[in-house]
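The values are calculated or read from the model by the stated rules, or taken from the named source; none is laboratory data. Bear in mind that the values here come from a model prediction, so they are computed numbers and not experimental data. All Cβ positions, even for glycine, are placed from backbone atoms using ideal geometry, and neighbour counts span all protein chains on display.
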Amino acid sequence: MTATKNRDLFLDIAKGLAIILVVVGHVIQGSAQNFDDLLWFRVIYSFHMPLFVFLSGAVAAIAFKSDRIEEGVEAALQQAKTRIAKATVRLLLPFIAWCLINQLIYHHSDSVMAALILAFRRPDTALWFLLAIFYCVVLAELFNIFFSVIYRLSTRFGLKEAVKWIADGRVQIALMIFIWWSIREHTPRGAGLSLIRSYFIYYVLGIGFYKYVYLKLSTWKYLPAWIIFIGLIPFWSRTAIDNMDASILLPSVLIYFYAGIVALSGSFLILSIAKWIAQTHIKVLKSFLVLCGQLSLGIYAIHYFFLAYPPKVLTPLLVSIVLAYGINRIPVVRTVLLGEKGWL
């Protein structure tokens, strides 16, 4: 098996593990009034959505080529147009479609239009993750256009060092993180744009990880993530300020980064498990997780309808897999509901 196939398998397995954690977390949340006090809920919720965003960035890394900025601003604009159009079908269309389905079933709003408006005003009432990733794709393309402009200006004025640095993908990753960290609190909040304030950095880190780090990491090198996560997770709380229980005393700098460190260390813990599974010969487990990963969008959208059905976790997960698989067999429906243009 080639390295590329191994990497694809790894991503599918990681997404499979991630979506199973999402289902488990939602089942716990819907089954107990004191879910915020339950250990497994706190563990899962501390990193499961950052992990999904991180993996979305890792998938985007397959097409990430830093030297494309050398092709010019016009080429960057054309690339942005193409990728945003694809993201509209892949993410925005299913976001809208499932919003309409929820409205037709539950009548949360007075009308379909009111439901759509609410979904963009409060994405947490819909499949907010799809909207968040869509905005991440758009923002990444805007950065690519910006880097193309910088490259052209640097070339025009003979700034050889600047030309060299800006064409380096690692520099582009670092600049995206630094610039976004600097301006994110001053960006708009409307239409769900506030979602990318924290999540875009995970998206970019996912690109950097898959492009420049993944192949260099053996399984044992993930061990520090296990140690950090196990050491910090007892103090994590969804409802606390900065997600940190007041009972722990840390320097203010660590408090500021606490939630992010927990999310990343937890994500790398799951990534290490995914890598180990990808390298084993347990075919049934690998095939099941790969299927879950490939159908993760469908599972994410469908499992909500079956959370209350016993046996817990198994029913919403397995029914979602079956329905998502069936939807994927119907060309137009799979495009509208799952953003898929072709079969897996």
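Table: residues versus (1) in contact with a Gly (Cβ under 9 Å, 6 or more places away or on another chain); (2) surrounded by 15 or more Cβ atoms within 10 Å (Cβ to Cβ); (3) farther than 23 Å from Tyr202 by Cβ; (4) without any contact (Cβ under 8 Å) to a residue 24 or more places away in the chain.
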site	(1), (2), (3), (4)
Ala76	no, yes, yes, no
Ile84	no, yes, no, no
Pro94	yes, yes, no, no
Asn102	no, yes, yes, no
Ser109	no, yes, yes, yes
Leu118	no, yes, yes, yes
Phe129	no, yes, no, no
Helices (runs of 4 or more DSSP H) within region 18-127 that include 2 or more residues closer than 24 Å to Lys275 by Cβ and modelled with pLDDT of 90 or more: 39-45, 48-60
Taking the stated definitions as given, is Arg90 more than 16 Å from the chain's Cα centre (by Cα) and charged (D, E, K, R)? no
For the subset of region 194-250 comprising residues that are basic (Lys, Arg) and touching a residue at least 60 places away in the same chain (Cβ under 8 Å), which member is surrounded by the most Cβ atoms within 10 Å (Cβ to Cβ)? Lys211
Taking only pairs six or more apart or across chains, which ones have beta-carbon atoms under 6 Å, a first residue in region 50-65 that is of a type in the set (Val, Ile, Thr), and a second residue that is assigned to a helix (DSSP H, G or I) and surrounded by 21 or more Cβ atoms within 10 Å (Cβ to Cβ)? Val53/Tyr199; Val53/Tyr202; Val53/Tyr203
For Val163, are the conditions met, namely being aliphatic (A, V, I, L, M), touching a helix residue (DSSP H, G or I) at 6+ places or on another chain (Cβ under 6 Å), buried (at least 17 other Cβ atoms within 10 Å of the Cβ) and modelled with pLDDT of 95 or more? no
Can you find a residue that is farther than 24 Å from Val59 by Cβ and modelled with pLDDT of 90 or more anywhere in region 284-295? yes
Would you call Tyr256 in contact with an Asp or Glu (Cβ under 8 Å, 6 or more places away or on another chain), at pLDDT below 95 and either at positive phi or part of a helix (DSSP H, G or I) (or both)? yes
Ala18 - would you say it is under 24 Å from Ile282 (Cα atoms) and either out of contact with any Gly (no Cβ under 7 Å at 6 or more places or on another chain) or not hydrophobic (A, V, I, L, M, F, W, C) (or both)? yes
Answer from Phe146, Phe129, Phe134, Phe200 - the residue that is over 18 Å from the mean Cα position of the chain (by Cα) and not hydroxyl-bearing (Ser, Thr, Tyr): Phe146
Within region 12-69, which residues are of a type in the set (Asp, Glu) and surrounded by 19 or more Cβ atoms within 10 Å (Cβ to Cβ)? Asp12
So is Ala174 surrounded by fewer than 18 Cβ atoms within 10 Å (Cβ to Cβ), closer than 22 Å to Leu264 by Cβ and either small (Gly, Ala, Ser) or at pLDDT 90 or above (or both) or not? yes
